[in-house]
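The values are calculated or read from the model by the stated rules, or taken from the named source; none is laboratory data. Model, not experiment: these values are computed from the prediction. Quick reminder, even Gly has a Cβ in these numbers, built from the backbone with ideal geometry, and neighbours come from all protein chains shown. Only protein heavy atoms, including side chains, enter the accessible area calculation; ligands, DNA and RNA are left aside. Shrake-Rupley method; radii C 1.70, N 1.55, O 1.52, S 1.80 Å.
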Amino acid sequence: MENVINFLSELSWYWYLVVFIILVALYDLFNRKHIILRNFPVVGHIRYWLESIGPELRQYIVANNREELPFNRIERGWIYASAKNENNYEGFGTDRDIHSHQYIFVNNAMMPFKVEEDHISKRKPEFVPCAKVIGASKNRKRPYRPASVINISAMSYGSLSAKAVDAMNQGAKKVNAYHNTGEGGLSPYHKRGADVVFHFGTGYFGVRDKEGNFSMEHMKKLVADNPQIRAIEVKLSQGAKPGKGGVLPGSKISKEISEIRNVPMGKDVLSPPTHSAFDGIEGLIEFVEDIARETGLPVGIKAAIGKLAQWEQLADIMQATGKGPDFITVDGGEGGTGAAPPSFADHVSLPWVHGFADLYQVFNKRGMANDIVFIASGKLGFPAKAAMAFSMGADVINVAREAMIAIGCIQAQACHNNTCPTGIATQNKWLQRGIVVPEKADRLASYFTKFNKELLEITHASGYEHPCQFNMEDVDISLGDMNLTQTLEHTYRYRKTPVDYIGLSKMENCPYLGGK
Ligand SMILES: Cc1cc2nc3c(=O)[nH]c(=O)nc-3n(C[C@H](O)[C@H](O)[C@H](O)COP(=O)(O)O)c2cc1C
């Protein structure tokens with residue numbers, strides 16, 4: 001034995017290397033899974049390694065500034081700079097092809113809106129509350145005016161880490177924005193002081209009984225115990241995976257998650273594609289009304305848009321009865337997700353502009369547009385895109401991935417496999433270690449502040465005081481050579497109903513203003 005050890009210790013390092021390569025070659029030659037390795041032992045690994053670092057190579061070295069999706073480098077750079085309170089301007093002029101098809105132009109006024117010295121926007125340049133009061137048209141007990149037009153979209157604790165949710169909530173509190181809980185229930189990290197929109201889907205997490213059915217008793221208790229909940233959102237679908245249920249594997253259900261979601265530990269939990277708490281459109285309306293009556297809060301629905309027949313039916317019943325949702329969140333097909341099959345994410349449901357135009361018209365043509373608050377999500381966390389959304393009838397913008405980018409997401413697109421390198425979309429404690437919550441809260445707050453300020457500046461440039469005053473003649477869209485550019489009104493064939501606007505300074509004193 002001693003002789004063998006002596007022999008091995010005297011061998012030069014490259015003999016070990018040679019043995020290692022021979023072992024790898026043997027493994028490759030006889031493996032049954034990978035053709036490339038069987039045919040090209042050892043060197044075949046270079047191909048797999050290059051493939052694995054391909055996204056990073058493209059992101060950092062190969063892709064140009066406007067090339068990447070979902071968010072290109074210029075878009076991410078604007079959010080990063082805004083979040084870090086750094087210079088977020090660009091020099092030398094736009095690098096975009098402003099003659100390209102589908103390009104959007106906001107029509108500036110000859111003379112901008114004059115902000116006088118005593119105007120509220122001089123004192124609070126980031127104060128842009130929602131022009132409508134959610135729940136006012138249906139006389140809910142606790143109507144709500146979101147104090148910021150940009151807010152955090154549904155993302156559950158579970159798809160996001162505790163520290164990410166915590167940072168977002170603390171950031172939202174600083175700028176009086178609301179924080180939508182996503183489907184995973186109300187976690188302790190949603191209770192850092194921001195207004196909350198409680199959201200649930202078919203799993204009824206946080207408001208379910210032992211059998212997994214919706215429980216009004218749980219709902220009432222949740223709202224009574226948490227006065228920061230200002231509205232409730234029933235999820236019908238989301239842009240990235242409409243009509244797709246989900247499974248929460250038992251292995252991922254920690255004691256904390258089991259308590260927050262009201263689910264047993266160790267057992268897989270299903271979120272079916274459809275709701276068990278109601279049937280059909282009439283059932284949905286009664287469900288919404290029951291929750292609003294029992295909790296006193298405004299209740300809305302979130303959906304991605306495709307066919308319109310059921311929406312027409314909903315609008316007819318709402319018009320006839322005066323009942324129904326207080327707000328509708330329209331999510332674009334380009335929307336994000338923690339995890340979805342590519343066939344759903346890429347193809348099912350309309351992009352935001354088409355889906356919203358269709359949906360808004362359903363209510364607009366019945367004269368109901370001002371009775372509903374329209375919330376918009378789908379890559380709209382940029383001031384000019386938000387201006388377009390307002391001109392089409394949106395009242396509030398929800399952002400999910402832009403909020404993630406603000407707190408440090410690098411678009412690694414690993415939300416679905418628990419390996420998010422920034423700790424934002426993973427439950428891995430080591431990876432979460434990188435997040436310093438107070439610092440990231442400041443970043444979220446700074447991004448929202450810059451967004452509101454810049455949106456207001458574009459609004460002033462177009463001659464208005466508040467973005468709700470944008471209409472469809474204020475934005476042009478390039479349709480290609482034949483039609484050159486046309487207004488949104490011409491392109492989508494409707495005229496937005498003017499919002500009953502009371503003026504910014506009156507909104508400051510509104511008793512229903514959020515953030516208090
Ligand atoms: C990590 C992650 C988790 C999400 N979880 C939910 C959810 O629980 N419920 C839901 O309706 N939408 C969910 N969404 C969709 C977002 O709320 C939002 O509608 C969509 O991403 C579009 O907004 P964005 O383009 O600003 O990201 C999630 C999105 C992401 C990125």
Item to check | Sequence-separation-based contact order of the chain, relative, with Cα cut under 8 Å and 6+ spacing, percent | outcome: 20
Checklist outcome for this item: Probe 1.4 Å, heavy atoms of protein chains only: per residue, the accessible area of the chain in Å² is 48
Checklist entry - In percent, how large is the relative contact order of the stretch 469-516, given Cα pairs closer than 8 Å and 6 or more residues apart? => result 31
Checklist entry - Using the per-residue mean of other Cβ atoms lying within 10 Å as a proxy for protection, in what order, highest first, do the peptides 218-226, 172-180 fall? => result 172-180, 218-226
Item to check | Contact order normalised by residue count of the stretch 341-439, Cα under 8 Å, 6+ apart, percent | outcome: 15
Checklist entry - ³J(HN,Hα) across the stretch 497-504 via Karplus (A = 6.51, B = -1.76, C = 1.60, θ = phi - 60°), whole Hz, x for Gly/Pro? => result 6, x, 6, 6, 8, 9, x, 4
Checklist outcome for this item: Mean Cβ-within-10 Å packing, highest first, puts peptides 447-457, 268-278 in the order 447-457, 268-278
Next on the checklist: Out of all Cα-Cα pairs in the chain, roughly what percent, to the nearest whole number, are more than 35 Å apart?
Outcome noted: 38
Checklist outcome for this item: Asserting the computed 222 nm helical MRE of the chain (DSSP H runs at least 4 long, -39500 (n - 2.57) per run, divided by residue count, to nearest 500) equals -11000 deg cm²/dmol
Checklist outcome for this item: Taking only the alpha carbons of the stretch 215-273, the radius of gyration and the largest Cα-Cα distance, Dmax, both in angstrom, are 13.8, 33
Next on the checklist: Report D for the stretch 375-431 in µm² per second (integer): Stokes-Einstein, Kirkwood Rh on Cα pairs, 20 °C, 1.002 mPa s.
Outcome noted: 169
Next on the checklist: Per residue, how big is the convex hull of the stretch 288-431 when only Cα atoms are used? Give it in Å³.
Outcome noted: 138
Next on the checklist: Compute the helix-to-body angle for 437-461: its Cα long axis versus the longest principal axis of the chain, expressed 0 to 90° and rounded to tens.
Outcome noted: 40
Item to check | Debye, to nearest 20: dipole size of the stretch 81-200, +1 on Lys, Arg Cβ, -1 on Asp, Glu Cβ | outcome: 820
Checklist entry - Which Rg and Dmax, in Å, describe the Cα atoms of the stretch 195-348? => result 15.8, 48
Item to check | For peptides 315-328, 491-504, sequence by mean Cβ density within 10 Å, most packed first | outcome: 315-328, 491-504
Checklist entry - Per the 1.4 Å probe, what fraction of the accessible area of the chain, in percent, lies on carbon and sulfur atoms? => result 56
Item to check | Sequence-distant aspartates and glutamates (8 or more away, or on other chains) whose Cα lies within less than 16 Å of LYS496 | outcome: ASP358, ASP371, ASP395, GLU473, ASP474, ASP476
Next on the checklist: Give me the one-decimal Kirkwood hydrodynamic radius in Å for the stretch 354-466, with the sum taken over alpha-carbon pairs.
Outcome noted: 16.2
Next on the checklist: On a straight-distance basis, which lysines could pair with LYS453 in a cross-link, Cα separation under 18 angstrom, same-chain partners fewer than 8 positions away excluded?
Outcome noted: LYS84, LYS114, LYS122, LYS124, LYS173, LYS174, LYS385
Checklist entry - Under the classification rounded if a/c is under 1.5, otherwise prolate if a/b is larger than b/c and oblate if not, where does the stretch 240-311 fall, given a ≥ b ≥ c as square roots of the Cα gyration tensor eigenvalues? => result oblate
Checklist entry - Per-residue accessible area for GLU217 at 1.4 Å probe radius, Å² rounded to 10? => result 120
Checklist entry - Using only the Cα atoms, what convex hull volume per residue in Å³ does the stretch 1-150 have? => result 422
